[in-house]
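Asker: Take this structure, written in structure tokens, and hold onto it; I'll ask about it next.
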Amino acid sequence: MQGDRETLHVSSPEADQIISAHDGDVALLWLYRLRRPEGDLEDAARALCRTLKEMEAAFEKLRRMGLARGEEKPVQPEKQQKLPPADERPEYTAKDLAVRSREDPRFAGLVTEAQRKLGRTLSSSDLKTLFGIYDNLALPTEVIMMLLNYCVSLRPKGNPPSMRQIEKEGYVWANREILTIEQAEEYIAGSERRRERLAQTARAVGITDRAPGTTEAKFLTEWIDMGFDDEMIELAYDKTLTNTGGLKWGYMNGILKSWHEKGLHTPQDVREKDARRTRGKAGGVKAPKDIETLIAGLDKI
């Protein structure tokens, strides 16, 4: 009878997290540890017919999700260490890849999807990199597929990303603890909004027929992060053109940094500052040199 059955009580939020992870090993390990909290990962591997490495990867996902119990104390966000760089990942052999491609349907399916998305057969080096994303970064298969789609979407049609570029973005996702489809969707939507804002700001400085270069994007991103809207960036652009005859990134950056340090974040703030300086000059008081004057003698960038 139902009343005689042993009931395993779990909280709905925890169960929802496990479901959203879309990872059978994570779900099995979580259930195992609820029933046998005294067992270690070696016990779990034997009981669940998994390798110790698979259980360690599943435990790492549980830890990131805040659902790990026992082996480790929760890591405080401010003290959490980032994953080691790609050149420190485990060295996988051809035998490792052959075995996993044959015995692990999830990885085999991932290889098929990657080849379809990239439009080519993966090389041995590509396979090792993809397996590192799957095994070392411990991202769920569904999340890796979204990672592939995202990286392909950032490249021009017919020019897919390299597996190393995908791996680099995979480290970003792993360090941000993007472990569910919902988290990946949120990150991708936020990234799209940032790219749109960057393109819009690039147009404010006359870049209309191409994407901004790396250095240009760095300047634009810094100005956005300072809290400047496009109207203020256009104002600084106009001052730069007037004073230098062209777009000088260093000069324009100096103007915006000066405004930011002085708390000038609207055109009205700048007009009032300029008016005070003009009144000071009219009254015979020598006004301090403005940033445009200070940096006019710098080498034009």
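The values are calculated or read from the model by the stated rules, or taken from the named source; none is laboratory data. Just so you know, these numbers come straight off a predicted model, no measurement behind them. Quick reminder, even Gly has a Cβ in these numbers, built from the backbone with ideal geometry, and neighbours come from all protein chains shown. The accessibility values were calculated without ligands, DNA or RNA, using every heavy atom of the protein model including side chains. Shrake-Rupley method; radii C 1.70, N 1.55, O 1.52, S 1.80 Å.
Asker: Is there a residue being among the basic types (Lys, Arg), at negative phi and open to solvent by 80 Å² or more (accessible area, probe 1.4 Å) anywhere in the range 103-119?
Answerer: Yes, the range 103-119 contains a residue that is among the basic types (Lys, Arg), at negative phi and open to solvent by 80 Å² or more (accessible area, probe 1.4 Å).
Asker: Taking the condition open to solvent by 80 Å² or more (accessible area, probe 1.4 Å) and closer than 19 Å to Glu261 by Cβ, does Asp225 pass?
Answerer: So Asp225 fits the description; yes.
Asker: Taking helices (runs of 4 or more DSSP H) that fall entirely within the range 158-275, which contain at least 1 residues that are modelled with pLDDT under 90?
Answerer: 163-175, 181-204, 214-225
Asker: Against the definition (under 11 Å from the mean Cα position of the chain (by Cα) and at negative phi), how does Ile207 come out, yes or no?
Answerer: No: the conditions fail for Ile207.
Asker: Counting just the residues of the range 114-128 that are part of a helix (DSSP H, G or I) and aliphatic (A, V, I, L, M), which one comes out nearest to Thr51 (Cα to Cα)?
Answerer: Leu127
Asker: Let me ask you something else. Based on this model, can you work out whether Tyr187 counts as aromatic (Phe, Trp, Tyr) and open to solvent by less than 30 Å² (accessible area, probe 1.4 Å)?
Answerer: no
Asker: Let me ask another. Could you say which residue among Glu91, Glu182 is closer than 17 Å to Met65 by Cα and either open to solvent by 40 Å² or more (accessible area, probe 1.4 Å) or out of contact with any helix residue (DSSP H, G or I) (no Cβ under 8 Å at 6 or more places or on another chain) (or both)?
Answerer: Glu182
A quick yes/no check of all residues on (1) open to solvent by 50 Å² or more (accessible area, probe 1.4 Å); (2) farther than 30 Å from Ala15 by Cβ; (3) free of Cβ contacts under 8 Å to residues at least 24 places away in the same chain:
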{"position": "Leu198", "(1), (2), (3)": "no, yes, no"}
{"position": "Ile207", "(1), (2), (3)": "no, yes, yes"}
{"position": "Thr215", "(1), (2), (3)": "yes, yes, no"}
{"position": "Gly254", "(1), (2), (3)": "no, yes, no"}
{"position": "Thr266", "(1), (2), (3)": "yes, yes, no"}
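Asker: A follow-up question, please. State which residue is modelled with the lowest pLDDT when the search covers only the range 129-157 and only residues that are part of a loop (DSSP other than H, G, I, E, B) and open to solvent by less than 10 Å² (accessible area, probe 1.4 Å).
Answerer: Ranking the qualifying residues of the range 129-157, first place goes to Ala138.
Asker: The conditions are (1) at pLDDT 85 or above; (2) of a type in the set (D, E, K, R); (3) outside any loop (DSSP other than H, G, I, E, B), and Asp96 fails exactly one of them. Which is it?
Answerer: So Asp96 meets the others, but not (1).
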